């Protein structure tokens, strides 16, 4: 214990640590919670603050009348103007911690369910660089049972935690402890203001920590069940937790978007190469072009998806706002695709690739017109877009959902959504002859190349997309021919 106190004292001496007490109708317990904070901790904290969530009893009065020793850290007591809920109260407390520039904030419950005596155990691991430290009632076998946790709560906690671990790919012993602490620099990176005001705020902040790559440490804490009132509806809480974890998984697959989980990851708009044989990129790489053709890749970034494949046998030009270093051996033109294309010239290219780019343009019509001018008469255009009539999107509409994401058909950066018919109409209106439109399923195999299940699903999606592209195609590829325009006809007619 002396070594633990020494470590905690070392950390408190160099860091501003605050204890945040959430309180609601805790009149009977708030004095005990304050009294049980270890003396050496109370003396070295930066601050202890209580936020009473508009209690209906005398919690605020008891806290204000409590005799707090002057040699201890400042004790500040606040009250919300209206009840914010358990999650809403935490949002206020963490926002306050950010404003005060604390280094670490520890969450305590005003009803005494979590032992203030364990504060040293919660604080000490921060010396090892962790971003969050949680108390767990299940790290020590049998501790929860000996502490009086009812059997149904123990079973429910373990089952729910197990499912959440499986969904998240984590190995936490408990995800439902309210004894938590956070490094404030980690909180600053999390959009916790989007989280629920209800009890599953705690589940959502775990997901945010995971998404941000933060390190969580669990420490054993004693379990205490006394006369405090449980205000959690267990079934609703479990459902909300699982729903949040499910949404997080869908967002990681770029199927769903929720701003609370929009943390650093694949940047929006990043165009990655698909390697599966059923993918659009594999199809385009298999296109046969005359030797030494002049090719332009529009919006392909580094050219990794398609352009590099043709670079050995053809003359390739990559055009994008940012062109990567891997375009070595190809001509690079860095320009705003929503701007003026005249610097590229006219009638210079035999083939053009515009893969998943037209839907990002402020004016897809103007961009398609510019591509037409870049191509020589008889040139080929291979253009692709997402299919907003994909059956999954249709099902979402059936249930009133229309969720944009960081990638995919409903990418946040898309300005235009197209079906098979509207995509073909766009290309025809700007002069192209659409020879065929080929459908492709979602890149399931590229999401998990080792899974046999993903392989089978990918193959099934591929077959359905070819069979009925307007309904089952996730992506649409238009193969187009550039005919003579009026200027070509005038030149040839009157030559």
Scan segment 63-103 for residues that are under 31 Å from the mean Cα position of the chain (by Cα), within 24 Å of residue 184 (Cβ to Cβ) and either without any contact (Cβ under 8 Å) to a residue 60 or more places away in the chain or part of a loop (DSSP other than H, G, I, E, B) (or both) and jot them down. 80, 84, 92, 99, 101, 102, 103
Looking at segment 409-430, is at least one residue without any contact (Cβ under 8 Å) to a residue 40 or more places away in the chain and in contact with a helix residue (DSSP H, G or I) (Cβ under 9 Å, 6 or more places away or on another chain)? no
Within the group 370, 377, which residue is part of a strand (DSSP E or B), more than 27 Å from the chain's Cα centre (by Cα) and not assigned by TED's automatic domain parsing to the domain that holds residue 252? 377
Within segment 298-325, the residues that are within 23 Å of residue 367 (Cα to Cα) and out of contact with any strand residue (DSSP E or B) (no Cβ under 9 Å at 6 or more places or on another chain) are 304
I'd like the full set of residues that are farther than 22 Å from residue 190 by Cβ and surrounded by 20 or more Cβ atoms within 10 Å (Cβ to Cβ), limited to segment 121-143. 124, 137, 138
Only one of these conditions is not met by residue 365: (1) part of a strand (DSSP E or B); (2) under 34 Å from the mean Cα position of the chain (by Cα). Which number is it? (1)
When you check residue 467 against the structure, is it closer than 30 Å to residue 409 by Cβ and over 27 Å from the mean Cα position of the chain (by Cα), yes or no? yes
When you check residue 139 against the structure, is it in contact (Cβ under 8 Å) with a residue 60 or more places away in the chain and in a helix (DSSP H, G or I), yes or no? no
Looking only at segment 309-325, how many residues end up being out of contact with any helix residue (DSSP H, G or I) (no Cβ under 7 Å at 6 or more places or on another chain) and under 20 Å from residue 275 (Cβ atoms)? 4
How about segment 36-68: which of its residues are over 14 Å from residue 119 (Cβ atoms) and either out of contact with any helix residue (DSSP H, G or I) (no Cβ under 8 Å at 6 or more places or on another chain) or not assigned by TED's automatic domain parsing to the domain that holds residue 114 (or both)? 54, 55, 56, 57, 58, 60, 61, 64, 65, 67
Restricting to segment 413-439, count the residues that are farther than 18 Å from residue 386 by Cβ and in a helix (DSSP H, G or I). 2
Here is a list of conditions, (1) within 25 Å of residue 483 (Cα to Cα); (2) more than 26 Å from the chain's Cα centre (by Cα), and residue 331 meets all of them except one; can you say which number that is? (1)
Looking at segment 115-136, which of its residues are within 17 Å of residue 178 (Cβ to Cβ) and out of contact with any strand residue (DSSP E or B) (no Cβ under 8 Å at 6 or more places or on another chain)? 115, 117
In the set 37, 51, the lone residue that is farther than 24 Å from residue 199 by Cβ, modelled with pLDDT of 95 or more and outside any helix (DSSP H, G or I) is 37
Residue by residue through segment 287-309, note down the ones that are closer than 14 Å to residue 380 by Cβ and in contact (Cβ under 8 Å) with a residue 24 or more places away in the chain. 287, 289, 290, 293, 294, 295, 296, 297, 298, 306
Among the helices (runs of 4 or more DSSP H) confined wholly to segment 149-254, which include 1 or more residues that are surrounded by fewer than 16 Cβ atoms within 10 Å (Cβ to Cβ)? 151-168, 184-187, 234-252
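The values are calculated or read from the model by the stated rules, or taken from the named source; none is laboratory data. On a predicted model such as this, the values are computed, not experimentally measured, just so you know. For neighbour counting, all protein chains shown are included, and Cβ atoms are generated from backbone atoms with ideal geometry for every residue, glycine included.
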